[in-house]
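In what follows, a single structure is set out as structure tokens and then discussed.
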Amino acid sequence: MASRRGNIQRPMRSFNLRSYLLIHLHTFFASLGRFSRAPFNFMMTVGVIAITLSLPSGLLVSINNLKSLSGQVDLNNNISLFLNQSVNLEQATQLTTSLANNEKITQAILINKNAALEEFRQYSGFGSAISVLEDNPLPHVIQITPIATFNNPVALKSLVDELKQQNDIQLVQMDMGWLDRLNGILNIAQRGVSIITILLGLAVLLIVSNTIRLELQNRQDEIDITRLVGATRSFIMRPFIYSGFWYGFLGGVFACILVNLAIWLIDGPASSLANLYNSAFNLTFMPFSHAMLWILFSIFLGISGSWIVVSRYLSELEN
């Protein structure tokens, strides 16, 4: 009998792509159908993942909105050129015309020092004191408006350096320090959000791992039976890996929905505040490409958490 069994030729196993895909497809949807047996627990876990991931994603969207706001600040008449006292009106007019023809400048307005002194005399309340002055202490001033492409700190700094080279210009005044400070704060905030993303990503990893660990304990008898009948390691791991996929996918989708919902709720008051400053700024929602990357990141966390805990569990059983 033993010799007969030894002479039996076992059929050669050939890889069948169609069967392989059907098995994965069946397991893929079967893992989702299994959650229908306990939908409350499933949605609780997905909700925790969504809320956890919505915090860093919401912060990133907020930083992007603030960066776009700093780039859309109305900088009209924000650069003032104070000319030397020796520059007369004719020279100041020629310089204004030359600046207006500059391709980097859209508008140049000359403020006559005599008109400026007269206006100061009328509205300052020091008319009698100004009448005592023999000479006009005010210089001619040219207010310029840079083109739209120069509405950022780097380009404006290069324009200011260029204007400072003019011999007739004594001082170039531009209040851009607050914008530099804002960009510095945003860079620090972006680095902080990266750290928060890593920490909360690890939290999602632990949430998925703990959920899958509980599912492994509940299905321990099923796993033992499948191992006894010769199930492979990948066969046992497959449904749990797909469970992690669903946790990550739905958690990422709901996180993006929560972020966009929050932006939609804040957009109205933000637009009203922008109108008070004569700005047409509107909050932007999470771009589709960023949402897809965030969902892929969430899926990666779900699959990784499942794979880690199932691999460790099966290794303990084999030992």
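General observations
- Residue satisfying all of: in the range 291-319; free of Cβ contacts under 8 Å to residues at least 24 places away in the same chain and in a helix (DSSP H, G or I); farthest from the chain's Cα centre (by Cα) among these: E318
- Members of the range 186-222 that are more than 24 Å from M44 (Cβ to Cβ) and under 33 Å from the mean Cα position of the chain (by Cα): L186, N187, I188, A189, Q190, R191, G192, V193, S194, I195, I198
- Filtered residue count, the range 180-191, keeping only those that are at pLDDT 80 or above and more than 12 Å from S62 (Cβ to Cβ): 4
- Restricting the range 193-234 to residues that are hydroxyl-bearing (S, T, Y) and in a helix (DSSP H, G or I), the residue that is surrounded by the most Cβ atoms within 10 Å (Cβ to Cβ) is T211.
- Only residues that are assigned to a helix (DSSP H, G or I) and either free of Cβ contacts under 8 Å to residues at least 40 places away in the same chain or surrounded by fewer than 12 Cβ atoms within 10 Å (Cβ to Cβ) (or both) were counted in the range 258-289, giving 17.
- Residue count for the range 25-41 under the criterion of being without any contact (Cβ under 8 Å) to a residue 12 or more places away in the chain and either under 23 Å from G201 (Cβ atoms) or surrounded by 18 or more Cβ atoms within 10 Å (Cβ to Cβ) (or both): the result is 1.
- Test: I225 is under 29 Å from the mean Cα position of the chain (by Cα) and either among the β-branched types (V, I, T) or not assigned by TED's automatic domain parsing to the domain that holds F29 (or both): no
- L89 meets the conditions (1) surrounded by fewer than 18 Cβ atoms within 10 Å (Cβ to Cβ); (2) hydrophobic (A, V, I, L, M, F, W, C); (3) at pLDDT 85 or above in every case but one. The failed one is (3).
The values are calculated or read from the model by the stated rules, or taken from the named source; none is laboratory data. The shown structure was predicted, so the numbers you read here are calculated from the model rather than taken from an experiment. Every residue, glycine among them, receives a Cβ derived from its backbone with ideal geometry; neighbour counts consider all protein chains shown.
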